[in-house]
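The values are calculated or read from the model by the stated rules, or taken from the named source; none is laboratory data. The structure displayed is predicted, hence computed values, not measured ones. Here the Cβ positions follow ideal geometry from the backbone for every residue, glycine too, while neighbour counts run over all protein chains shown. Just the protein is used for accessible areas: all its heavy atoms, side chains included, with ligands, DNA and RNA removed. Shrake-Rupley method; radii C 1.70, N 1.55, O 1.52, S 1.80 Å.
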Amino acid sequence: MFADIVVDIAAGELDKVFQYRVPEALESEISAGMRVIIPFGRGNKRTEGYVIGLTAVPSYPEEKIKDIEQIINDGITAEQQLITLAANIKTVYGSTMAAALKTVIPVKKQVRAVERKTYHLNIPKEEAEELLEKLKKDRRRTSGAVLLQALLCQESLSRTAVIQNLGVSPSVLKNLLDRHVIAEETCRVYRKPVRIQNEETAKKMLNAGQQAAVDGILAAPGEVHLLHGITGSGKTEVYMALVEQTLAKGQQVIVLIPEISLTLQTVSRFYQLFGDRVSVMNSRLSAGERYDQYMRAKEGDVDIIVGPRSALFMPFERLGMIIIDEEHDGAYKSETTPKYHAREVAIWRSKLCGATVVLGSATPSVAVYHKALTGVYHLHRLTVRAAADSVLPKVHVIDLREEFKLKNKKIFSEQLTEMIHERLAKKEQVMLFLNRRGYAGFVSCRNCGYVVKCRHCDVSLTAHYDGRMKCHYCGYEQPAVKVCPVCGSKYIAAFGTGTQKVETMVSQNFPGAKVLRLDRDTTTKKDSIDEILSDFKNGDADILVGTQMIVKGHDFPKVTLVGVLAADLSMFSGDYLAAERTFQLLVQAAGRAGRGSLPGDVVIQTYQPDNYSIVCAAHQDYEAFYRQEIAYREMMHYPPFYHMLAVLGESSRMPELDQAMAAVGKMAEVLLPESEVVGPASAFVSRAKDAYRKVIYIKSRTMRPLIQLIAGIDQAVKNDRIFNKVYIQFDMDPVSMY
């Protein structure tokens, strides 16, 4: 047996793998993730390394391969946890080990260190006092006297304080250093990206339901818990109480949130209670900030990390709890290879270190709720809103077919328009939700029906207000067309509506109202999300227009009206999660209204008012939705009753793609005779970034056969020439269809 080993994961060279022979005596003990001692380099220096894989086939001539000396068994380190997670991710989600390692261990690019220089006396106090008296008598040396006087009062001073505050010049500093009167120390200062809102948040007393949830979770440490609480029920207060108890045991906590837009609000609340022990990790940080937070976590400088799914891989040695807020959110599933789900990987990590996992949601994913009901997870419910004077909002469902009959062709129904005017008159705030950004959905010719598409992808371009058309899939953009390129007609225009167009229409229909928009197009700059949300919370705008970024977990006490402009957008997305996603978005959107002392209203505009996801969302009835959805899942053999593997093939050449995907389909039928194989068929987006795309879905009652199929396809890809020009990706239990 042979082991692939990385020597120094701190250097970030995760592709540089060395192979060693596993002595027969160690074969039964060794596994991926373990620390070992190996002879390294020409001098065979005894060096520590990490096993990232095992194989029976050597990659080099056997006579050149050295033996592993020993396995280190002094407790599992954070690095071992992460490498073990990488090995699991590689196996279950299908990727190379290098890609999995780079997912769990950030490759540490060389970043400029932030250093701070400080100065202190280098001579006895009595000698310094004598020198001070001499300097005071010499007018040319008054700045030196000022510095000595300050250092006699304070143990040390930073360079900034010395030069800017005391007015001491660098030349005077150098003179005193050269004479060894003072000494200079240089230390690394880690960047702290936490930016909090300037408000004091008093610690809240838990109500009976919240305290029962806290007690129940603490009573079963090291296990998985689902906290199912209606919107506004105070799940965050439960999290904070759990964190406080965990820190009291000397342990550390990871808090996952689905959207970067939630960082400011979440971190602010935790920071008020836990101060500098809180930090953040997300993709909006600079390379230096990300590196510093990783090192602060490794060195024990912080105990709480808040962030999206990448925060799961912080190198905490004393990890005691992982909290996943809004666990149902699709953002916890990676969109790039390896397509891991943070919830599942968090549970894997918890088993390695004995940590407790808390999954929180007002609208739990159906698969998670099923496990809670069947006893796999512990279930805790919060059934009332935490604020004594807060109740669930009143929901109004508007049938847009009836609006059309009344010749109302505006995006705002008559009732929504009237209610917006009422809120503006009362100086209350409004949120308008539309899950499509841009100015309009597509550009089409009214004469011949031609739709302008991306030249690289099989998707229509979206019109934007700046006169550009953009592909939201690959980023391609071009100027808006004024004449149909097919028939030459001038009647070519934008159809559909996006958040940018809604913003324009709000300004036209409600003149004088201050409007903000929050979507990917308005949040490209660092800190832009925090700035928009802070401005809205501070009352600098009356109406906030946005995509689903605005409906996830935000708490705006002055918002008394939420308008869902097109509830049908997610209902017909073409995958088995469409109803679940629609229900979740509507309930989450409705939950933003009336969270303070003012009552709230929600207006849901739809062409399908009788659909069960709309009806159940309007009544905030999760149980009724779950009963209908779980019956559908069982009948159609979807998760949680079956596991599903999507195999996606991409190639710039269609014949090679057809041949390769046919081979994959045949392999699936041979290796998994009791499974259901669907495809190969063209993917929902059949061409993207100049590559044709085909997909095969395989359903199996258990996951193990699907994992074996991944390994089999992987081997075929390496050895069979028909895969030379085809890129194969795997997605275990996908949260969206291809």
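General observations
- The residues of the chain expose, per residue, 46 Å² of accessible area to a 1.4 Å probe.
- When only the Cβ of Lys, Arg, Asp and Glu is charged (+1, +1, -1, -1), the dipole of the chain relative to its Cα centre reaches about 2060 debye.
- Net +/- balance of residues flanking GLU656 in space, Cβ distance below 14 Å, scoring K and R +1, D and E -1: +2
- Remark: the stretch 686-730 carries a charge dipole of roughly 160 debye about the Cα centre, counting +1 on each Lys and Arg Cβ and -1 on each Asp and Glu Cβ.
- Summed side-chain charge close to ARG159 - residues other than ARG159 whose Cβ falls under 14 Å, Lys, Arg +1, Asp, Glu -1: 0
- Only protein atoms count toward the accessible area here, which uses a 1.4 Å probe; on the chain, the carbon and sulfur part of that area reaches 50 percent.
- At an R0 of 25 angstrom, the distance between the Cβ atoms of ARG468 and CYS448 translates into a FRET efficiency of 0.60.
- Applying the Karplus relation 6.51 cos²θ - 1.76 cosθ + 1.60 with θ = phi - 60° to the stretch 310-318 yields 3J(HN,Hα) values of 5, 5, 4, 9, 5, x, 6, 7, 10 Hz, where x marks Gly and Pro.
- Estimated at the nearest 10 Å², the accessible area of CYS448 is 60 Å² with a 1.4 Å probe.
- Of LYS453/LYS526; LYS407/LYS501; LYS666/LYS699; LYS66/LYS90, those spanning more than 22 Å from alpha-carbon to alpha-carbon: LYS453/LYS526; LYS66/LYS90
- Most simply put, the chain has about 55% antiparallel DSSP beta bridges, counting only bridges with both residues inside it.
- Since only PHE313, ALA362, VAL302 are under comparison, the one whose Cα sits farthest along the positive direction of the charge dipole of the stretch 291-368, derived from C-beta charges on Lys, Arg, Asp and Glu, is PHE313.
- According to the Kirkwood relation over distinct C-alpha pairs, the hydrodynamic radius of the chain is 29.4 Å.
- The separation of the stretch 307-330 from the stretch 136-193, counted between C-alpha centres, amounts to 44 Å.
- Subset of LYS410/LYS482; LYS192/LYS298; LYS102/LYS298; LYS694/LYS725 violating a 19 Å alpha-carbon distance limit: LYS410/LYS482
- Here the stretch 497-536 and the stretch 366-437 have alpha carbon centers that stand 19 Å from each other.
- Mean-position separation - Cα centroids, the stretch 632-648 and the stretch 235-259, in angstrom: 33 Å
- Positive-end extreme of charge dipole, the stretch 300-427 - chosen from TYR377, ILE411, PRO393 (charges on Cβ): ILE411
- Exposure check, 1.4 Å probe, all protein chains in place: SER158 carries approximately 30 Å² of accessible surface.
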